[in-house]
Amino acid sequence: MPVPEHLANRDVDSSILEPVVDAPARARVVIVGGGIIGSSIAYHLTKLGVTDVVVLDRVRLTAGTTWHAAGLVSQVRGTHALTELSRINVDTYATLPNETGVDTGFRRVGSLSVARTAGRMQELLAGADMHREFGVECRVLEPKQVLEWWPLAKVDDLVGATVTPGDATVNPGEAALSLAKGAHDRGAVFAFGVTVTGFRVQGGAVTGVETDKGVVDAETVVLAGGLWTSELARLAGTSVALYPAEHVWVMTDAVPGAEERVPFLRDLDGYFYVRHHAGRLVVGAFEPKGKPRAPREIPTSGFVEFGEDWEHLAPVLAAARERLPVLHTVGFQHYLRAPESFSPDANLHLGETPEVRGLFVAAGLNSQGIIYGPGVGKALAEWIVEGHPTMDLTEVDIARTGRWANNRAWLHEKTHETLGRLYAMHWPSLQPDVGRGVRRTPFLSQLKDAGGAIGEAAGWERAGWFEPGAVQEPLWIYDFDRPSWFRHVGEEMRAARTGVALFDLSTYAKFLVQGPEAAAGLQRLCTSDVDVAVGRVVYTLLCNERGGIEMDPTVTRLAEDRFLVLAPTLYQRRTEMLLRNGLASGATVTDVTSAYATLHIAGPESRSVLGALTDQDLSNAAFPFLSAREIDVAWAKALAMRVSFTGELGWELLVPTEFAADVFDKVVAAGEPHEMRLAGAFAFDALRVERGFRSWGHDMGGLDDPYAVGLGFAVRGDKQEFVGKQALAVLKDSRRDRELVSVKLDDPGPMLWHGEPVVMGTDRIGYVTSGAYGHHLGAAVGLAWIHGVMTTDLPVSVEVRGTRVRATISREPFYDPKGARLRV
């Protein structure tokens, strides 16, 4: 029998770790933070043979946030990559006691999620698909069947539910102690009562940790300090965007009929969860409007509680009483209100910091440390030992958030929303409501005036779509199949395919690389030959030594010693890191993202529109594809690049920001005779998916090689030495275990978004990485990884929220702009 259930445990006996008060003078790895994450990293490092590990904590084990966790253990998350991080949790917690002698309180009670709305049920059905992907049992329930699992529940307002019998609960403090005990038994040292005051950095790499007890020299340092991690990162000169907020759960008095066997219950539409605890119930809240707490307001003494705030909890408690009427009749014995940390996008931060080599972060768990603890520890330990990630960690890459996002005032405001976003409806393309307007393109007011529905990406305000003639900003009405923008995006796509459309691409990251070693440095970093004539644009890849794709920018040669590098909006900080760390001192990198606005004119009539504004010869002979030059556009000069991510004839115009608004007006005027359509980010993405263009971070990442992705053309194997050349030479002729291909549904009704499984009979053979509705093709289309031997005649289907839809797969895109040929 497991030990009794035990939450809010301030008395975890960490003396079995034989903690020291003075840390050793040196260690191979120093971990800052003694919670579930720090303990798991130490456990997995020592399991891999790295035993020279020191764990520092200002107080003692679990004193930060682990001690007050609710102990919920879900195996499956919303994406494939996140599930790879969570899936080992149940087995780890179940087997630890036999290894370490410390019982984790593991109980395989299962989890139950209920839906009050049709939209939420669609979300749960997508989750059930993901469970099947990983071989985890998940049953779809009718409302009345919920009573078989939760007899105390009221179900007459439910649409349905799902239950995962294999999920579990643990005692959080004991779970962390069990991991720490495993690390200690293999040689890790735990030092408590040690405060970190700074870091030593030399040559861009961390060399040690400064504490109030002296310096600990180290080859590798891991920041696993929970809500303090952002403040610790500042001491090292780097940035981790997370911020504290209050997290609340309340424990009832004894509840008649409460049984230990019941699964923990999530009523996401009510923003609460419920679990059994020793004959009582624990009700936890992820309320729509959270309460941030400035770091300076939180005591550093550990095991912090803020006291009761029943008024703030009242709406969530009312929803819980609707679901469980028994809560009307019982009292509460413990109101826990304690600090947690949340990231701006409600996703965790994991990996090496871009600015300081050897400094790793594992933080921002958004109240999911118990769920992710084992997997995060394993992933980071393997990265440290192997020298590179061993699983896809793109979604949790620290560099996905720019340094601007670590502004405390902005984070404070943003955290009002992010806490509740964990349980809010996870609609496709869901936009934030809080912390908006922080980054604006020069065209924002004009886009709004033109009927733009303004969304957000990486802090930028940008148009998702347009409703011409709208007298107010269009409404964002979300839906899994036909959201409010569906028809308008189709019209914008048709304009780009058959006429002309205008896009604002100002948010793309832009870097000048210049200096005497600029050409040689980029030649070494890029897989393509970028030592080209001035005025040429090259699509290229930045690969690692193993041949994995780290980024796919375009490089334009502006002069003998000057190049322009363009990269995706979301990866500005990451691209800057790749360039700065990969180029020699004779090449300087300057971020010029904010210096230039970018307009993209795309479509068969784009030459006519641009031609009305310039005396430059735009013919194929004079201005061929993948060429660039400075030209006059209306009353300004612009760098015109003949490129297009839509698959159509087009030019990108980079205009100095002070001239941008005027150029916009004149381009729009020039487009009027051609019925040019303003188009937004949704149409732009759908056009590239129809065309089969890959997007880094969605379709590929650092574990994927160009040949599996279908980008082998971007590798010049005959070029002199470049990063990854030897590995790529081997990979080119190797048998591949998976390929990235295009997929199109045979039924025009359903929509594809991301993560939908691709199946063939009883076999699960892949999943969708990017999805959109292909209005030009008349059906949803996407890109998908297919495992095993791939042939285009495979009888495949795609699981779309519980329904199998027949589909066609192809190595070639379904839309070919040459002659507007369609592959059907």
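Okay, here's what the table says:
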item	result
Which listed residue, of Gly788, Gly717, is in contact (Cβ under 8 Å) with a residue 12 or more places away in the chain, touching a helix residue (DSSP H, G or I) at 6+ places or on another chain (Cβ under 9 Å), small (Gly, Ala, Ser) and surrounded by fewer than 21 Cβ atoms within 10 Å (Cβ to Cβ)	Gly717
Test: residue in the stretch 22-33 that is on the phi > 0 side of the Ramachandran plot, assigned to a loop (DSSP other than H, G, I, E, B) and surrounded by fewer than 24 Cβ atoms within 10 Å (Cβ to Cβ)	no
Qualifying positions in the stretch 609-640 - under 40 Å from the mean Cα position of the chain (by Cα) and of a type in the set (Phe, Trp, Tyr)	Phe623, Phe625
Test: Leu158 is open to solvent by less than 30 Å² (accessible area, probe 1.4 Å) and either of a type in the set (Phe, Trp, Tyr) or under 29 Å from Met760 (Cβ atoms) (or both)	no
Enumeration of residues in the stretch 355-379 that are without any contact (Cβ under 8 Å) to a residue 60 or more places away in the chain and basic (Lys, Arg)	none
Conditions (1) over 28 Å from the mean Cα position of the chain (by Cα); (2) open to solvent by less than 40 Å² (accessible area, probe 1.4 Å); (3) not β-branched (Val, Ile, Thr): number failed by His776	(2)
Answer residue from the stretch 361-389, given it is among the small types (Gly, Ala, Ser) and assigned to a loop (DSSP other than H, G, I, E, B) and is surrounded by the most Cβ atoms within 10 Å (Cβ to Cβ) among those	Gly364
Checking Ser585 against (1) at pLDDT 95 or above; (2) at negative phi; (3) surrounded by fewer than 16 Cβ atoms within 10 Å (Cβ to Cβ), the condition it does not meet	(1)
Lone unmet requirement of (1) within 24 Å of Met493 (Cα to Cα); (2) open to solvent by less than 40 Å² (accessible area, probe 1.4 Å); (3) in contact (Cβ under 8 Å) with a residue 40 or more places away in the chain for Val668	(2)
The stretch 782-824: number of residues that are of a type in the set (A, V, I, L, M) and over 19 Å from Thr79 (Cα atoms)	10
Options Gly160, Gly135, Gly187: the member that is within 30 Å of Ser14 (Cα to Cα) and either within 29 Å of the chain's Cα centre (by Cα) or not hydrophobic (A, V, I, L, M, F, W, C) (or both)	Gly187
Answer residue from the stretch 609-653, given it is without any contact (Cβ under 8 Å) to a residue 40 or more places away in the chain and charged (D, E, K, R) and is surrounded by the fewest Cβ atoms within 10 Å (Cβ to Cβ) among those	Asp615
Residue that is farthest from Tyr335 (Cα to Cα) [pool: residues in the stretch 242-297 that are surrounded by 19 or more Cβ atoms within 10 Å (Cβ to Cβ) and among the β-branched types (Val, Ile, Thr)]	Val262
Hits in the stretch 497-523 - residues which are open to solvent by 10 Å² or more (accessible area, probe 1.4 Å), over 29 Å from Pro817 (Cα atoms) and within 29 Å of the chain's Cα centre (by Cα)	Leu512
Odd one out for Gly307, checked against (1) on the phi > 0 side of the Ramachandran plot; (2) in contact (Cβ under 8 Å) with a residue 60 or more places away in the chain	(2)
Pick from the stretch 588-608, criterion open to solvent by less than 30 Å² (accessible area, probe 1.4 Å) and part of a strand (DSSP E or B), ranking: nearest to Leu522 (Cα to Cα)	Val589
Evaluation of Trp465 against (1) surrounded by fewer than 20 Cβ atoms within 10 Å (Cβ to Cβ); (2) at pLDDT 95 or above (one fails), failing number	(1)
Cβ pairs under 6 Å, 6+ apart, first in the stretch 430-452 and basic (Lys, Arg), second buried (at least 16 other Cβ atoms within 10 Å of the Cβ)	Arg439/Gly459; Arg439/Trp460; Arg440/Glu461
Single residue of the stretch 398-419 satisfying the filter (surrounded by fewer than 23 Cβ atoms within 10 Å (Cβ to Cβ) and assigned to a loop (DSSP other than H, G, I, E, B)) that is nearest to the chain's Cα centre (by Cα)	Gly402
Condition check for Ala153: touching a residue at least 60 places away in the same chain (Cβ under 8 Å), closer than 22 Å to Leu17 by Cβ and of a type in the set (Gly, Ala, Ser)	no
Selection status of Gly548, surrounded by fewer than 21 Cβ atoms within 10 Å (Cβ to Cβ) and closer than 30 Å to Ser734 by Cα	no
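The values are calculated or read from the model by the stated rules, or taken from the named source; none is laboratory data. Predicted model only: the values in this text are computed from it and were never measured. Methodologically, a virtual Cβ is constructed for each residue, glycine included, from the backbone with ideal geometry; neighbour enumeration extends over all protein chains shown. For accessibility, only protein heavy atoms count, side chains too; no ligands or nucleic acids. Shrake-Rupley method; radii C 1.70, N 1.55, O 1.52, S 1.80 Å.
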